[in-house]
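Okay, so here's the structure we're looking at.
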Amino acid sequence: MANDNPQDKDHLNPHPEKPGEAQRTGQSDPTLEQWTGATSAPQPAPPAGQPPAEASPSLPASDKKAGATPLKPEEAATPKPAAQGHAAPAKPAGPAIQPWSGEIVERLQARFGSGIRGANTYLGQNYFVVDPSVAYQVLALMHDEEEFDYLVDVTAVHYPDREQPFEVVWILYSFSRNQRVRVKASYGENQAAPSVVSLWVTANWLEREVFDMFGVRFDGHPDMRRILLPEEWQGHPLRKDYGIIQQDQQWVKINLGIESGQ
Amino acid sequence: MQQFLNYLNSTQTPGETGNFAWATIYILIIFGGISVAVIAMNWLERKVLAHMQVRLGPMRVGPHGLLQPIADALKLLIKEDIMPAEADRLMFWMAPVIVVITAFTVFIVIPFGPTHAVTDMNIGVLFMLGVSSLGVLGIIMAGWASNSHYPLLGALRSSSQMVSYEIAMGMAVISAILMTTLTADGAGTLSMIQIVQAQDKQQMWFLFRMFPFGFLAFFIFAIAMVAETNRAPFDLPEAESELVAGFHTEYSGFRWSLFFLAEYAAMLAVSSIAVTLWMGGWMRPFSHWLAGDTWDAFFSFFPAATFFLLFVVALAGTVRMPKHAAFKIQKAGLGAFALVLGGIGVLLLIPPVKDRIQDIYWFVAKVSVFMYAYIWYRGTFPRYRFDQLMKLGWKVMIPVGIAVLIVVAAAPAFNFVW
Amino acid sequence: MADDTKSRTAHLDLDTPESQIETYMHRRAAPAREEETYLDANELVLNMGPQHPSTHGVLRVILKLDGEKVLGTECIIGYLHRGVEKIAENRTYTMFNPYVDRMDYVAAVSNGLGYCEAVEKLLNIEAPPRAQYIRVILAELNRLASHMLWLGTHALDIGAITPLFYTFRDREEILKIFEKYCGARLTTHAFRIGGCQYETYEGFEQDVIKFCKFVRPKIDEYETLLTTNRIWVERTRGVGVISAADAIDFGVTGPVLRASGVKWDLRKAQPYAAYKNFEFDIPIGQNGDTYDRYIVRIAEMHQSLRIIEQAVGAIPEGPIMGKVPKVMKPPVGEIYHSIEAPKGELGYFIVSDGSTQPYRVRVRPPSFVNLQALDKMVRGALVADVVAVIGTIDIVLGEVDR
């Protein structure tokens, strides 16, 4: 093993980093400054025999992935159309959101026009942002015509500040294309998302879980009940306004009759 | 008193002579013996199964867990006796009693030797079949009285299983009975003792008679008896992974232990019947092939030799016990146990005991082969599914049983016997 | 939430969802063959679990029975729900790492691998090759451990009690390697974001090679007990059949999908870690029944051994930890990354708001999705088949409920 230095085997601090990182600070992304800033803290000197990670010949430059070094923006500017799934990004994957253009996008845009609000690529992963009113049609089209025959997941993200706070995310996969696409649509507090149980049976439990955790109802679901939590549970835990501490304090007060110390 | 002791030289069973005192003594001996055998089986099953499964089994209570069954029995006795609130109290109470009574009653007709049976009924086999099939009544009562779904399903499974396999078992038994007519005098019998004597007269176990038909009948019986006693791979009524514990799910403590006792007693009973019908009962192996006084003398040392072997094994265990103060008591206990075994071995060398123990020894030895097979099955086979069990019973066992029966019945009519 | 669903959805221009739903209901209805409908039967409702020997934890299945025949099932889950996704939102990326081990606790390494890779992608970094190789070796060892535990418990469900002890004996050797590597046996927390925390210990390669040599005959030993065992074959063949089309429709992944004849494995389809460097096959079945799933998993154990043997001889030199910022603040964005866990596709959907804590972590658990196909697989079968099918889906309730 190259890593012979006993100090380095001290697992509390396993990765000596080189100050030579500073070249990255020229990058435009603010978060990168953040993380190179962190590396400027005093570090133990690297052991003599060990090459720094970036300069290591064992980290091949031929590796298709961008590796630990984010590439320059101009290299990342030409995303491959209809890029393959995230694990085979032949193109450089910059941390910026790129527009996604491909046959699917064209077909969908021709069909739904402004219903497709965006088609983007981030870190080699493609997603659509669609109008909530056409979400079902888009998904049906993806299922019936574009061979996205496997619904990987249905989930949601809560953005309380937005006008339509619940962003429902459908993750689709096509066996024939070996391609993964996300479809996202935002719904309001009292709006129901369309159920896709009629397209993929697997959506049944997944939608129930979204309902359980976020309170997003799915219109047309055969059995819209809570799935993980008991029926009489109050609130929907994964909403941002559902605090763990408050919940704990409430429970302690009701069940133990004392004030929670938390 | 002298008259009382004279019975030991009698050639008849106490039941036949109406000797109630001796009949009672026999019943007590059998009851005690079965209970001890169940305890021993409990320990043996755990140890043998454990060693098949690369583990040690009980090791803590007594040396090599020898006292484990006793500790378990005590635990069961002092455990809280729970009766479900919705249970049918009378039936819930009666079910284990019926199961135990039927399991033990069968032993009345089982001959451990020419005179070593409580009684020799001339319809012994019928009695055995009738009583042993009564046991299912207790199981159904247990399942019904528990007023719970798992026991109910277990009881239903048990009843249909027993009814199906009872038929196959009956076919096999009849073919064995038919073989008793092959003796010189041509008289058939249903008496258990005379069945063994018929094998003696024909100088052949029915297992090998009219080979392979005797063997086939035995094979059917051997499978049916596993199903009849609800043991793996036919343990559907108490299938742990499906029905939790089947018909005795709601039973605990002493009542549960009665079911346990009955199961093992029933295993011993059917094994004894198999031994009686096909394996020559109390006859020693090769009693005609290796006949003569020399061979008799040779085989008469087997009981003592067995106990000496056990003595050596126990002694080796004592010697190999770790040399640590904590093992002192265990070491002493195992040493004492070895000495007891050795003492029994010496006792079996004393001539009157040596002669009288022969029959019982060979009978028990044959039964223990079956008991070992029971454990072996349990360690090896997955469990049959209900419909497959039924299919096996009705579509394989019964037709084969009938075929064997026809051949065994028809062949002598054409003077074609082998 | 408003009560009236209709009024809330009135403005939605949904094509013809009603008819679609009817199609779905029609598809979902039990096989309506005449001879299988019992109109005059008294149905029995059997409540299996949450305390039951063979529901693998706290799964509760409500069975509607006619005699022993299953007319329908309903799974009640959530008894082990710990709110893992909510916890993630209240922890930093690093702090959440140990929590993922508690989901599929028999394959903790795979959970950690998926999470670490997902966060690495979000940070746009990559673990060094040496770490990738170590990850592959440990993940495959863990796949073996998971499959062994599955085999033992599955055989126990079907009534064969002995294989359980054999598989646990051999799984012990894997856990010993884990223990020597990272000090933990079950919830290992073996990986860190950006690589591995621990360098391999002295003699790691020898231990792994020794284990591979040791375990091959053992797998054959399980096969001698089961593969050609008449009762085993009868109990598993034709039980819990799910066709390839149905399996895809139900989103079933992992060995269950492959046993139905779909040759799909994320290690090949979308290689992660160092999997593209290794040769291995994807074993598939044909009938999609319990027996095929058994055969597929046994074959997968052999393939895992192949991968381990290739990897252990070729661990590259170099660092084990990539360049990771001390304070992890991934740029605003979201990522979905999935790996082939022993039970199927294990995915992490992570949304970052640029802070040190994930804005949302969604775990796509394979057991949860696979369990949904239980109803399809056991309808019309017997009670004994239900436990066989629950076993063959290979669920871990910690992952189903999260």
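Here are some notes:
- Meets criteria (away from chain C (no Cβ under 14 Å), farther than 25 Å from residue B:334 by Cα, more than 16 Å from the chain's Cα centre (by Cα) and of a type in the set (A, V, I, L, M)) for residue B:98: yes
- Considering only residues in segment C:93-115 that are within 14 Å of chain A (Cβ to nearest Cβ) and surrounded by 24 or more Cβ atoms within 10 Å (Cβ to Cβ), the one that is nearest to residue C:309 (Cα to Cα) turns out to be C:113.
- Once segment C:255-294 is narrowed to residues that are of a type in the set (D, E, K, R) and either surrounded by 24 or more Cβ atoms within 10 Å (Cβ to Cβ) or assigned to a loop (DSSP other than H, G, I, E, B) (or both), the residue that is farthest from the chain's Cα centre (by Cα) is C:279.
- Qualifying positions in segment C:201-245 - of a type in the set (Asp, Glu) and either surrounded by 19 or more Cβ atoms within 10 Å (Cβ to Cβ) or under 30 Å from residue C:136 (Cα atoms) (or both): C:202, C:205, C:207, C:220, C:221, C:223
- Residue count for segment C:332-367, restricted to those that are among the small types (Gly, Ala, Ser) and assigned to a loop (DSSP other than H, G, I, E, B): 2
- Evaluation of residue C:143 against the conditions (1) within 14 Å of residue C:345 (Cα to Cα); (2) not in a helix (DSSP H, G or I); (3) not polar (S, T, N, Q) shows that the sole unmet condition is (2).
- Scan of segment B:335-379 for residues that are among the hydroxyl-bearing types (Ser, Thr, Tyr) and either outside any helix (DSSP H, G or I) or in contact (Cβ under 8 Å) with a residue 24 or more places away in the chain (or both), ordered by number: B:361, B:372, B:374, B:377
- Count of segment C:312-355 residues, restricted to those that are within 7 Å of chain A (Cβ to nearest Cβ), among the basic types (Lys, Arg) and in contact (Cβ under 8 Å) with a residue 12 or more places away in the chain, is 2.
- Lone qualifier among A:89, A:95 - being more than 16 Å from the chain's Cα centre (by Cα), modelled with pLDDT under 80 and part of a loop (DSSP other than H, G, I, E, B): A:89
- Evaluation of residue C:373 against (1) within 11 Å of another protein chain (Cβ to nearest Cβ); (2) touching a strand residue (DSSP E or B) at 6+ places or on another chain (Cβ under 8 Å); (3) farther than 30 Å from residue A:122 by Cβ; (4) small (Gly, Ala, Ser) (one fails), failing number: (2)
- Residues satisfying the criterion are absent from segment C:186-205 (criterion: assigned to a helix (DSSP H, G or I), touching a residue at least 12 places away in the same chain (Cβ under 8 Å), β-branched (Val, Ile, Thr) and more than 14 Å from every other protein chain (Cβ to nearest Cβ)).
- Within the option set C:160, C:184, being of a type in the set (Gly, Ala, Ser) and more than 17 Å from residue B:54 (Cβ to Cβ) holds for one residue only, C:184.
- Hey, residue B:16 closer than 27 Å to residue B:136 by Cβ and either in contact (Cβ under 8 Å) with a residue 60 or more places away in the chain or out of contact with any helix residue (DSSP H, G or I) (no Cβ under 6 Å at 6 or more places or on another chain) (or both) or not: no
Conditions (1) assigned to a loop (DSSP other than H, G, I, E, B); (2) of a type in the set (Gly, Ala, Ser); (3) under 19 Å from residue C:364 (Cβ atoms); (4) in the same structural domain as residue A:119 (by TED's automatic domain parsing), marked per residue:
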position: A:197; (1), (2), (3), (4): yes, no, yes, yes
position: A:204; (1), (2), (3), (4): no, no, yes, yes
position: A:207; (1), (2), (3), (4): no, no, yes, yes
position: A:237; (1), (2), (3), (4): yes, no, yes, no
position: A:241; (1), (2), (3), (4): yes, no, no, no
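- Any hit, segment B:385-397, residues being assigned to a loop (DSSP other than H, G, I, E, B) and either outside the structural domain of residue B:50 (by TED's automatic domain parsing) or modelled with pLDDT under 90 (or both): yes
- Here is the figure for segment A:124-150: residues that are touching a His at 6+ places or on another chain (Cβ under 8 Å) and crowded, with 23+ Cβ neighbours inside 10 Å total 2.
- Considering segment A:131-188, the residues that are closer than 22 Å to residue C:263 by Cβ, more than 8 Å from every other protein chain (Cβ to nearest Cβ) and not polar (S, T, N, Q) include one that is nearest to the chain's Cα centre (by Cα), namely A:181.
- In a residue-by-residue description of segment B:199-211, the property of being outside any helix (DSSP H, G or I), touching a residue at least 40 places away in the same chain (Cβ under 8 Å), within 14 Å of chain C (Cβ to nearest Cβ) and buried (at least 22 other Cβ atoms within 10 Å of the Cβ) applies to no position.
- Qualifying residue in segment B:316-334 (condition: out of contact with any helix residue (DSSP H, G or I) (no Cβ under 6 Å at 6 or more places or on another chain), among the polar types (S, T, N, Q) and more than 30 Å from residue B:238 (Cα to Cα)): no
- All of (1) in contact with a Leu (Cβ under 8 Å, 6 or more places away or on another chain); (2) in a helix (DSSP H, G or I); (3) within 12 Å of chain A (Cβ to nearest Cβ) hold for residue C:232 with one exception: (3).
- Among the conditions (1) surrounded by fewer than 22 Cβ atoms within 10 Å (Cβ to Cβ); (2) in contact with a strand residue (DSSP E or B) (Cβ under 8 Å, 6 or more places away or on another chain); (3) more than 7 Å from chain C (Cβ to nearest Cβ), residue A:236 misses just one, which is (2).
- The listed residues are B:138, B:130, B:154, B:143, and the only one of them that is closer than 24 Å to residue B:259 by Cα, surrounded by fewer than 19 Cβ atoms within 10 Å (Cβ to Cβ) and at pLDDT 85 or above turns out to be B:130.
- Considered as a group, the residues in segment C:206-228 that are in contact (Cβ under 8 Å) with a residue 24 or more places away in the chain and of a type outside the set (A, V, I, L, M, F, W, C) include one that is farthest from residue C:292 (Cα to Cα), and that residue is C:207.
- Check on residue B:85, more than 26 Å from residue B:236 (Cα to Cα) and out of contact with any strand residue (DSSP E or B) (no Cβ under 8 Å at 6 or more places or on another chain): yes
- For segment B:75-90, the condition holds for at least one residue, the condition being that it is β-branched (Val, Ile, Thr), in a loop (DSSP other than H, G, I, E, B) and surrounded by fewer than 18 Cβ atoms within 10 Å (Cβ to Cβ).
- Subset tally (residues that are in contact with a His (Cβ under 9 Å, 6 or more places away or on another chain) and more than 7 Å from chain C (Cβ to nearest Cβ)) for segment A:195-217: 11
The values are calculated or read from the model by the stated rules, or taken from the named source; none is laboratory data. Predicted, not measured: the structure shown is a model, and the values here were computed from it. For neighbour counting, all protein chains shown are included, and Cβ atoms are generated from backbone atoms with ideal geometry for every residue, glycine included.
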